[in-house]
Structures are given as C-alpha cells and as structure tokens.
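Please read the structure below before turning to the comments.
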Amino acid sequence: MRTLIRDVRVFDGERTIATADVVIEDDLIAAVGAGGGRPADVEVDGTGRTLLPGLIDAHTHVFDGSLAQALQYGITTELDMFCLPQILEGQRRLAADNDDVADLRSAGTLATAPGGHPTQLLAALAGTVLSGLDAAAIDFVSDPAQAPAFVQARLAEGADYLKIVIDDGTVHGADLPVMTADIAAALVTAAHEAGLRVVAHAITAPEVEIALDAGVDGLAHVWTDLAPDDPASQRLAERVHAQGVFVVTTLAYFEAITAHHVETADCARPGSSVNAVGALRALHRAGVPLLAGTDATPFVPAHGAGMHRELELLTEAGLSAEEALAAATSLPAHHFGLADRGRIAPGLRADLVLVEGDPTRDITATGSIAEVWRRGARQIR
C-alpha cells in the first residue's frame, strides 16, 4: 500500500518544513519532499494541515482499553511506568498484534520499599477498575543484595527499562517506608549491567538528590516541594543537567489531582501544581531534556486526551510550541532508545498524526486530529 500525503506542513520531530509531500510505503515512511514516483493507492490532501510524528506519552499506566483510547488521540506509543505481569503480558500481545492500538513499552513491576508507594493506593482502589491489583504481587526490595535478582526478574517479565520509587509520602500527606540510598544505587548498578535504563519516581528535592546520587537516567516527574522562586530549585535543575538526566514532565497529572482531589490517586498537597510548573521552568532554563508524559491511568489524566493538555501546559510554562512537540516525539524516542520512531524521515515507522491547522504556532491544534497512522495502518475515524 502506497499513501501520498500531499502539500502538507511537516513537523519532523525537530524542525518544521513549510510544505512537503510525504509518502508511506506499507509500514514505513518512504519519502519526505516531492511526491513523485509511481502513483499512490491513496492520496490525502494536506493543505492547511500539519503532519506530526506519532505522539509518545513518556509516563502512563496501561490497563484494558488504554492503548485503544490513546491511539484515538494520536498517541502511537505509550511508555508504561508500572504494570503487573498478569496485565502486562496481554497488553504486550495486543500492541504487537494489532495496529488499532498504541504500541507499548513498559517497566513492568516497579521497585519500591516494602509498604512503600504506591502500595498505599491499593486499598483505595477496591471496587474500581483497578481492584485486581494486589500488593502481595509486588516484588519488594529491602536489601541491596536483592537488587540483581530483582532486575533479572524484571528482565524475565520483558521489562524495557527499570522504574524505582523513592517517595516518603510527604507530598501526599502520608508517612511511607522509603527506599534507601544504598538500595537505589544497587538497583541502578544492576540495571545498567543488564542493559536497562533506570527511571526514578522522586517528587521532592531530597528524593531527587538520592536518585541522582544513585545514577539514574531519568526522572519520572518534576519535583513539587520547592516554591517556584526557591533558588534551590534552579541549583537542582543545574545538577540534573550536569548529570545528563532527562525528566518526564507530568504537569497534567499534578494539575488533575490538585484540582479534583482524586481519592483513587496520589492526593497532592495544595500548591503542588504550581511548584511543579516552577520546577519545570528551572529545568527548561538549565537545558534539561524534557519528555512529555501524563501519568495517565483509567482515572485522570485520561489516556490520549491528557497528552494534549500536557502540551498546552508545557507551552504555558515557557516552552515554545516546537519544543513541546519535540518533547512528545523525538525526545522520548531518543532517550528510550526507540530509533525507529519519533521523527518523520525515510525508513522510519509510519507512526503519524495529521492535524488541522499549525500546532507549531498554536499548540492546541494538536487536538484537531484529521488522520492517524500506526505502522502505516490508517485508522478509521
């Protein structure tokens, strides 16, 4: 199948091309530029529209229906940050075998202290769509010597990266057991020896310091305990940059739980959302790679729709529209080693989103979706 998208504005993941023809051959992008060559089986008029790489949500939690919902909103890949094995296996098969859902990468089971975050949420989820989660099924880490075995168990699950949790509950108004610095360091060492990246859930400055000391590759959230004008926030951002660590933004998550006081998710203290924006601005000033992620669940933020709100919040926090789009396309692809996607270039996967208008000038245009392709399969809208 050969598809020609004619006369379209292209944001290729890094920069904008004013007008181009883009050719899809089966599941790959064949050409970007002139649309010559043999006739196309399908032609799509791109006039007044913008073609984007398929969006990548760099922080989600996947359950039944999540991947289909995400793809409807142009999210062609979700990076799951905690999924128990009994759920993950089926979701992996679904993503591998079907082109009408988003693709999936996952950390599988996260590493946390016994009784640590997020086990305090499980009781609150009784009777909900997530009631099947069981704290006893979480493989806790209570000693540095357990780190290699924990990592090997995650590899056996098929984990694509490791997630560790360093969270004493302060931001949630709780008092929780927290992973120690020596265990965090042992997990990072074991994961790196196994070829896995490590992403840390750490949402206060002291927790982020522990994660940085351990040598993590990325942070799953911005921190939320420092006021926007606190010089310590900028100093921490500079350290994140110096260590080459990326940060997943999740502003939509902090906005949602602060505004709606969601009882089935982390109940953030007042001011968390404002502080999160302040941390993001400090990180942006420091030049830290920012990856757009929502922390989507079956509650809030929603899979798919949450990403479009995240992009709006990123521009409100000071990113340019092109920077926000890169945060949802080329940057997560690069930092998670997904070399086959995140950009529009010949030879890459045809994961594409066509939108009305120009989101490089008005980011809200990402929500005006005209067409979606996943592995070259045009979605029925």
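Since every read-out is calculated from the coordinates, none of them should be taken as a lab result. Please read these numbers as outputs of a predicted model, since none were measured by experiment. All Cβ positions, glycine included, derive from the backbone under ideal geometry; neighbour counts span all protein chains shown.
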Most packed first (mean Cβ within 10 Å per residue), the peptides 165-177, 291-303 order as 291-303, 165-177
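Quick check: net charge around residue 67, other residues with Cβ under 12 Å of its Cβ, Lys/Arg +1 and Asp/Glu -1?
It works out to a net charge of -4.
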Hey, rough spin-label estimate for residue 339 and residue 15, points 7 angstrom out along Cα→Cβ, what's it come to in nanometres?
2.3 nm
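For a quick protection proxy, order the peptides 56-65, 344-353 by their average other-Cβ count within 10 Å, most packed first.
Going from most to least packed, we get 56-65, 344-353.
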Length gained, residue 175-residue 379, 0.36 nm per residue minus C-alpha separation, equals 68.8 nm
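Average projected area of the Cα convex hull of the chain, in nm²?
Mean projected area of the Cα convex hull: 17.2 nm².
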Percent of C-alpha pairs per 10 Å bin, the stretch 208-334, short to long:
14, 46, 35, 5
Translational diffusion coefficient, Stokes-Einstein: compute it for the stretch 51-102 using the Kirkwood radius over C-alpha pairs as Rh, at 25 °C and 0.890 mPa s, and state it as an integer in µm² s⁻¹.
221 µm²/s
